[in-house]
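Note sheet for the following structure.
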Amino acid sequence: MSSSSCNCSSYFDARERDGEIKGLFFLDKTQRDTEGQRRTDLRFLDLERGEISDVLSTMPPDVPLGPTVVTCGNHAYAIGGKILRGSIFRSLNHVFRFDFKHAERAWRKVTSMLYRRSLPEALAPQGKIYVFRGSRDCFGEVYDISGDSWVPLCVPSIAEYSGISGPVLLDSSRSRILVHFSRDRYRSLYAYNYNDKSWVCLDPKFPDWSPTVGIAGNVLYVFHEISYEICSWKAYDVQDKKWLPVKWLTEFSLHQPVSAPMGPPLIHLGNDKWCMVWHSCTLKCFEYLIFRMCRNGHGGIYAAAVGGDRTSASFRSVNHTILMP
């Protein structure tokens, strides 16, 4: 086994400790291959030390451009993407799998989706991969990893006239996936219950969603970047179906927390601890903020940065994708 394979397995084993996420894998497109094309490298960000690993693995050139990558157990799956044919980009249904514990096996092609998809939304609870949007022909489909088969998802009626806002969100404590439909007056929040394969509307008027969104317990958190200097948080109780006031106990500033075309992901590290990771266009390096959000005794939310402010990691990334744990 190569040193990179050993390191990848070690990082995977060390990424979680005492019930909290301590590090994150990410894909980076800073380096170029021998033909001058940007390659996609797997690296690891240590949140405690602010250190970034050397390259742990590189995607082969047959993996399409811009796949959606989702993790399940000790595997990562690169789903869909596109390829340039002539002057036109074509969507693909390819799926590639990577084993963090056996990086020497590299990215291997597995059973393709039923439909071609570009930039789909995907989640992987309980040994299955649920894929939404990215295709004009099929709303969604699910991959049974153990059975190695894809089947279409049932479609809610609202999908006929409204698109989906990214990302879709896993509410694992209730065995469901939260999906925000985004078309003007039809902006609403739905839940797909994957045990009984049914849809339910949680709120028919739910205007607020963003790429930076997460859920813990009954509370859904939504981050909004209003301007370069002004940011705000919103919190929504999915059980009582009401918005909650949020108060920051510590102030912090961000250097343009934007990672085109999506905003910074919101990562639940465990308990009441959260993390945002972005590449600072101002400082030309990785930055991340670890903070706590919890309910107070008055029906609201308190939030406070851990350590007082953001942390920087000296690494200049052209384009990165955080692999959600």
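The values are calculated or read from the model by the stated rules, or taken from the named source; none is laboratory data. Since we're looking at a predicted model, the values are computed, not measured. Cβ: placed from backbone, ideal geometry, glycine included. Neighbour counts: every protein chain shown. Side chains are part of the model used for accessible areas, which takes the heavy atoms of the whole protein and leaves out ligands, DNA and RNA. Shrake-Rupley method; radii C 1.70, N 1.55, O 1.52, S 1.80 Å.
Please give the peptides 207-215, 83-91 ranked by average Cβ packing (other Cβ atoms within 10 Å per residue), highest first, as a rough proxy for protection.
Values: 207-215: 19.1, 83-91: 11.1.
So the order, starting with the most tightly packed, is 207-215, 83-91.
Counted over the chain, the DSSP beta bridges are approximately 95% antiparallel. Cross-link partners of residue 205 among aspartates and glutamates, defined as those whose alpha carbon lies under 20 angstrom from its own and excluding same-chain residues fewer than eight positions apart: 160, 171, 184, 237, 240. Average accessible surface for the chain: 48 Å² per residue, computed with a 1.4 Å probe over protein heavy atoms with every protein chain in place. Modelled spin labels at residue 126 and residue 292, positioned 7 Å past Cα toward Cβ, are 3.3 nm from each other.
Of the GluC sites (Glu not before Pro) found in segment 26-90, the ones in coil according to DSSP and having at most 12 other Cβ atoms within 10 Å of their Cβ are 35, 48.
The slack between residue 172 and residue 319, meaning 0.36 nm per residue of separation minus the straight C-alpha distance, is 50.0 nm. Here the simple spin-label model places points 7 Å from the Cα toward Cβ, and for residue 186 and residue 49 these points are separated by 5.1 nm. Entry note: the chain has Rg to Rh equal to 0.95, where both radii use alpha-carbon atoms and Rh is the Kirkwood radius. Per-residue 3J(HN,Hα) values for segment 145-153, derived from phi via the Karplus relation 6.51 cos²θ - 1.76 cosθ + 1.60 with θ = phi - 60°, read 5, 5, x, 6, 8, 10, 9, x, 8 Hz in sequence order (x marks Gly and Pro). For residue 40, the residues whose amide H sits under 5 Å from its own are 59, ignoring neighbours fewer than 5 places away on the same chain, with H placed 1.01 Å from N.
Here is the size of segment 25-107 from its Cα atoms: Rg then Dmax, 13.8, 46 Å.
Helix-derived [θ] at 222 nm for the chain: sum -39500 (n - 2.57) over DSSP H runs of at least 4, divide by residue count, nearest 500?
Values: 1 runs with 12 residues, N = 325.
Calculated mean residue ellipticity at 222 nm is -1000 deg cm²/dmol.
P(r) tail for segment 161-220: Cα pairs beyond 16 Å make up 40% of the total.
The phi-based Karplus calculation (6.51 cos²θ - 1.76 cosθ + 1.60; θ = phi - 60°) puts the 3J(HN,Hα) values of segment 122-139 at 8, 9, 9, x, 6, x, 9, 10, 9, 10, 10, 6, x, 9, 7, 9, 8, 5 Hz, whole numbers, x for Gly and Pro. On full extension, the segment bounded by residue 137 and residue 111 gains 7.5 nm, given 0.36 nm per residue less the C-alpha separation. The largest accessible area among 324, 276 belongs to the first residue in 324, 276, and the rest follow in falling order (1.4 Å probe, all chains).
Note on segment 45-88: along the principal axes its Cα atoms extend 45, 22, 15 Å, ordered by decreasing extent. Phi-derived couplings, Karplus 6.51 cos²θ - 1.76 cosθ + 1.60 at θ = phi - 60°, listed residue by residue for segment 192-209: 9, 7, 7, 6, 9, 6, 10, 10, 9, 7, 8, 7, x, 10, 10, x, 9, 8 Hz, with x used for Gly and Pro. Put simply, segment 81-200 fits an ellipsoid with semi-axes of 25, 20, 12 Å; these come from the alpha carbon gyration tensor as the roots of five times its eigenvalues, largest first.
Expressed as a whole percent, the accessible surface of segment 1-112 that belongs to carbon and sulfur atoms is 44, based on a 1.4 Å probe. In loop segments of segment 32-81 as defined by DSSP, the trypsin sites (Lys or Arg not before Pro) with at most 14 further C-beta atoms inside 10 Å of their C-beta are 49.
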